[in-house]
Amino acid sequence: MKLRLFGLSVVTLAVWLGGAAQLSAQIRTPEAKAPGGGHLETTYRGGVVTPPLPKPKFTLMDTSGTPFDFWSETQGYVTILLFGYAHCPDVCPMHMAVVASALRTLPADVADRVKVVFVTTDPKRDNPRFLRTWLDHFDKHIIGLTGDETAIQAAQTAANVPVANSDPSYEHSAFALAYTKDNLAHVIYPSGIKQTDWIHDLPLLVKSSWAPLK
């Protein structure tokens, strides 16, 4: 199923409960202020998600072969999480290019507080060396994660995104999740988001005052 979000076609955001995909997050219009006692003090170019999505807990291997505990390694950072694959013809390279370009444009006190994590949904082709080379085309600081198919599927389930189809269509979620220091994703960014949107939103996400959720 496809969802028209802000005039852009993206894979429906879903939460897998009891083996069935259910749309549980209501995506608000861009520039809309979120409710909840002022937790979102300003407007965002991405889609504000109500309720926010909790940061997942999973461990995969980074491109150096070291276990990467997603929850603990991203504490205190704005974390952009994407699932996709290096051979993707459009969505994945677009996301990587615009967010990497935005981070290079932003001042260091903002960029240094952001981690970008890309999890391959195609581990058979995206071996660690190939994945690292592909990510380095965009930015050497992007964290690439891989593992066996079972572990990657479990990570997608933990993140409340649809599990990608590895064959034959290679369909995968077409949005980026932005977790803030409270370990919740209040905002998602669909395919087609622009560099200027990231430049606008990342400083707001970094300066957000949400308390950490343990």
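Here, each number is a calculation from the coordinates, and none is a lab measurement. Not measured: the values here are computed from a predicted model. No Cβ is skipped: glycine too gets one built from the backbone with ideal geometry, and neighbour counts run over all protein chains shown.
Structure shown: which of K55/K140; K55/K207; K115/K194; K124/K181 lie over 27 Å apart, alpha-carbon to alpha-carbon?
K124/K181
Modelling each spin label as a point 7 Å along the Cα-to-Cβ direction, I'd like the K194/D148 distance in nm, to one decimal.
If labels sit at K194 and D148, their model points lie 4.6 nm apart.
Which order do the peptides 100-113, 181-194 come out in when sorted by mean C-beta neighbours inside 10 angstrom, highest first?
181-194, 100-113
For L184, what residues show an amide H to amide H distance below 5 Å, using hydrogens built from the backbone and excluding near sequence neighbours?
It is K55, by chain and number.
Arrange the following residues from fewest to most other Cβ atoms within 10 Å of their Cβ: T63, T50. Please report the intermediate quantities before stating the final value.
Details: T63 24, T50 15.
Lowest to highest Cβ neighbour count: T50, T63.
Contour minus end-to-end for F130 and Q75, with contour as 0.36 nm per residue of separation and end-to-end as the Cα-Cα distance?
17.1 nm
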